[in-house]
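A.B. asks: Quick one: this structure, given as structure tokens, is what I'll be asking you about.
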Amino acid sequence: MAVPALRGSVRFLRQSLTIASKDLRSELRTKEALNASVAFALVILLLFSFAFEPTEVETRQISGGLLWLVFAFAGALILNRSFARELANDCLDALVAAPISGAALFLGKALANLALLLAVELVCLPVFGVFYNVPWTLQFWPLMLVVLLGTWGLTVVGTMFSALTVNLRLRELMLPMLVYPIMVPGLLAAVQLTTPLVMGQPLAGDLIPWLRLLIAFDVIFTALALALVETVLVR
Amino acid sequence: MNPVQVAGVWKFYGDFPALRDVGFEVQPGACMALLGRNGAGKTTLLRIVAGLARPTRGSVSVCGAESRDRASRHSIGVLGHGISLYDELSAFENLHLFGRIYGLAEPKRAATEWLERTGLARVRDGLVREFSRGMRQRLAVARAFLHEPSVLLLDEPFTALDDRAIALLQTLLRDALAGGRTIVISTHQLREALALATHVALLVRGRLAHTGERTAEMLEDTGWLYRHYGEA
């Protein structure tokens, strides 16, 4: 009983990684979404630094909101391409017809999106530190944990809605309209955690409930997406 | 048990019935030519058999399992309207990718072998976006046959093929039939389809107007079937 289950899990993970590596390879060859996303994120950071000219203290106070605004907007450009990439040559049909579960396909795409989003964020964070004169590395590893959890939430919801909107003509508009309202609890928790961490406060005390909310958001939406994606892909 | 069984299939797009109570079976080693005018429901039916769409009513089984079942997807090879290949990947990478997805024991060997069989070995590492239309179609054929499926579902496979690709596809399909595989082929190119087919099914406005063996008179006069069973 345990051996077939283990074999099934290994096959599931292997297929997910195959899809993830295919997506990453395709994106790294064209750099369509990555270039647009990095450029967009840097432009927002630059424009905000010109627009507000805040002091160091004020910057730290708005850092969580500012960073997650940039991550969410720039992330939409990557997430939009996730399933849209499969439309050319009807590649999605070949994947749906293949013996790969919708959940494995979804997880593979989500992992590739996570890697791309994290790459954009890792470019943004040092630029944010320089433009806004903020020593953002005071709580480096706790901040990385929050960035990872928040980005996973954004990736899961965004990848799911990328699958749902892939056949819509206005998908570039529809994706952010659908994703951002659903992301509110996750983004709220990420913002509430990021601001104190950038200010050097340790990840403890009254920050823990926000961390729990962020983890719960990730777990719930990951489970929902894995359960529902097959229905979304085959209509 | 017949490898393809379609029973009482209806498909509605909104209020419009694209398929109305369609039912047929295809025997092992048979080639069913699915014929009909534009909009008759051929592509919709093939998509449902391939597990790419769900029927509103009715059932479809492939090799004894529901068409979305993992086991049946292993035994289906689909060649649709699009080539279903990634432009940013090389010919080898595309076939290797699908070999891995289908869980082949040796995906690299299978990819290399099919590149040779389709005459694409010399452009193994060339990106698909740099290929001519004929080369892309040959690679699409290789992708569909890569995992040695026992049921082949082909939607307009001869469209936009050059002479070489048509000859290649016909050879592969004849080999597949000789090997006991089952083929369902939807096409407007009656001469090519009827030359291969052992059976025909004619769809008229989503309804199955005729199903049966392909006869000699159909082969001699490709318009015979439409005149006798189709709409005027």
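A.B. asks: Give me the net charge for the shell around B:His199: Cβ to Cβ below 14 angstrom, other residues only, Lys and Arg +1, Asp and Glu -1.
C.D. replies: Spelling it out: positives minus negatives among the neighbours equals -1.
A.B. asks: Under 15 Å between alpha carbons, and skipping anything fewer than 8 positions from B:Lys11 in its own chain: which aspartates and glutamates qualify?
C.D. replies: Hits, sequence-local ones excluded: B:Asp21.
A.B. asks: Could you please rank A:Val184, B:Val184, placing first whichever residue has the fewest other Cβ atoms within 10 Å of its Cβ?
C.D. replies: A:Val184, B:Val184
A.B. asks: Which of the lysines could a cross-linker span from A:Lys109 if the Cα-Cα distance has to be under 26 Å and same-chain partners fewer than 8 positions apart are dropped?
C.D. replies: Those lysines meeting the cut-off are A:Lys22, A:Lys31, B:Lys108.
A.B. asks: Pick out, from B:Gly58, B:Ser186, B:Val204, the residue whose Cα sits farthest towards the positive end of the charge dipole of chain B, with +1 on the Cβ of Lys and Arg and -1 on the Cβ of Asp and Glu.
C.D. replies: About the Cα centre, the residue reaching furthest to the positive side is B:Gly58.
A.B. asks: 7 Å from Cα along Cα→Cβ at both A:Trp141 and A:Leu13: what's the point-to-point distance in nm?
C.D. replies: 2.4
A.B. asks: First measure r as the distance between the Cβ atoms of B:Ala65 and A:Leu47, then evaluate 1/(1 + (r/R0)^6) with R0 = 56 Å and state the FRET efficiency to the nearest 0.05.
C.D. replies: E(calc), rounded to 0.05, equals 0.50.
A.B. asks: Given a Förster distance of 60 angstrom, what is the FRET efficiency for B:Ala195 paired with A:Gln201, based on the Cβ-Cβ distance and rounded to 0.05?
C.D. replies: Given R0 = 60 Å and the Cβ-Cβ separation, E is 0.20.
A.B. asks: Take A:Ile220 and B:Trp224, extend 7 Å from each Cα along the Cα→Cβ direction, and tell me the distance between the two endpoints in nm.
C.D. replies: Here the modelled spin labels are 6.6 nm apart.
A.B. asks: Please report, ordered by residue number, every helix of chain A (full DSSP H runs) that is 18 Å or longer along its axis going by C-alpha atoms and whose mean Kyte-Doolittle hydropathy reaches 1.6.
C.D. replies: Those that pass (Cα extent of 18 Å or more, hydropathy at least 1.6) are A:32-52, A:102-131, A:140-164, A:208-233.
A.B. asks: Return an integer: the convex hull volume of the alpha-carbon atoms of chain A, in Å³ per residue.
C.D. replies: 131
A.B. asks: For the protein assembly as shown, take every pair of Cα atoms, bin their distances at 20 Å starting from 0, and report each bin as a whole percent.
C.D. replies: Taking all Cα pairs of the protein assembly as shown, the binned fractions are 23, 47, 24, 7, 0 percent.
A.B. asks: Right, next: Please list, ordered by chain and number, the residues whose modelled amide H lies under 5 Å from the amide H of B:His210; skip anything fewer than 5 residues away on the same chain.
C.D. replies: Residues meeting the criterion, in which the H sits 1.01 Å from N, are B:Leu202.
A.B. asks: Using a simple spin-label model with points 7 Å from Cα along the Cα→Cβ vector, what separation in nm is obtained for B:Asp15 and B:Arg174?
C.D. replies: 5.1
A.B. asks: Can I ask one more? Residues in segment B:35-77, backbone N under 18 Å from the label point at B:Gln27 (7 Å along the Cα-to-beta-carbon vector): list them, ranges by number please.
C.D. replies: Counting backbone N atoms under 18 Å from the label point, the list is B:63-64.
A.B. asks: Can you find, among A:Val3, A:Val191, A:Thr151, the residue sitting farthest towards the positive end of the charge dipole of chain A, where Lys and Arg contribute +1 and Asp and Glu -1 at Cβ?
C.D. replies: Most positive-ward Cα: A:Val3.
A.B. asks: Rg to Rh for segment B:1-44: what is it, with Cα atoms only and Rh by Kirkwood?
C.D. replies: Rg/Rh for segment B:1-44 comes to 1.02.
A.B. asks: Okay, next question. Calculate the FRET efficiency for B:Ala216 and B:Glu113 from the Cβ-Cβ distance with a Förster distance of 56 Å, rounded to the nearest 0.05.
C.D. replies: 0.90
A.B. asks: Charges at C-beta only: +1 for Lys and Arg, -1 for Asp and Glu. How large is the resulting dipole of segment B:80-122 about its Cα centre, in Debye rounded to 20?
C.D. replies: With only Lys, Arg, Asp and Glu charged at Cβ, the dipole is about 140 debye.
A.B. asks: Using 0.36 nm per residue, how much length does the chain from A:Ala119 to A:Leu69 gain when fully extended, once their Cα-Cα distance is taken away?
C.D. replies: Length difference between fully extended and current span is 16.4 nm.
A.B. asks: So, one more: Angle between the Cα long axis of helix B:133-145 and the longest principal axis of chain B, 0 to 90 degrees, nearest 10?
C.D. replies: Roughly 80 degrees, rounded to the nearest 10.
Quick note: the coordinates plus some simple rules give every number you see, no bench work behind them. Here the structure is a predicted model, which means the values were calculated and not measured. Virtual Cβ from ideal backbone geometry, glycine too; neighbours counted across all protein chains shown.
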